[in-house]
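Below is one structure, written out as structure tokens, with a few remarks after it.
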Amino acid sequence: MLTQIAKSHNVSVAQVILRWNLQRGVVVIPGSANPEHIKENLDLFDFELTEKEMAAIAQLNRDEKHDWY
């Protein structure tokens, strides 16, 4: 499902996850030593997830105790 959302916005899955957190008001601090990934991590402001996409991602079972990533 994340891959489908990413393709519909022409972005990576990592960008979708970062954008999802930003739209929820979570401050994200991505890290990478790869210059291409650093640039990709900054390219989050030229697309927005729909309410339906936001809800679908929120419903994913991540088997994590925290809800902020």
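The values are calculated or read from the model by the stated rules, or taken from the named source; none is laboratory data. Computed from a predicted model, the values in this text were never measured in an experiment. Don't worry about glycine lacking a Cβ; one is built from the backbone with ideal geometry, like all the others, and counts go over all protein chains shown.
Structure values in brief
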item	result
Residue in the stretch 26-40 that is surrounded by 10 or more Cβ atoms within 10 Å (Cβ to Cβ), of a type in the set (Asp, Glu) and touching a Ser or Thr at 6+ places or on another chain (Cβ under 7 Å) present	yes
Cβ pairs under 9 Å, 6+ apart, first in the stretch 14-38 and at pLDDT 90 or above and of a type in the set (Phe, Trp, Tyr), second part of a loop (DSSP other than H, G, I, E, B) and surrounded by 10 or more Cβ atoms within 10 Å (Cβ to Cβ)	Trp20/Val26; Trp20/Leu49
Check on Leu44, at pLDDT 90 or above and touching a Lys or Arg at 6+ places or on another chain (Cβ under 6 Å)	yes
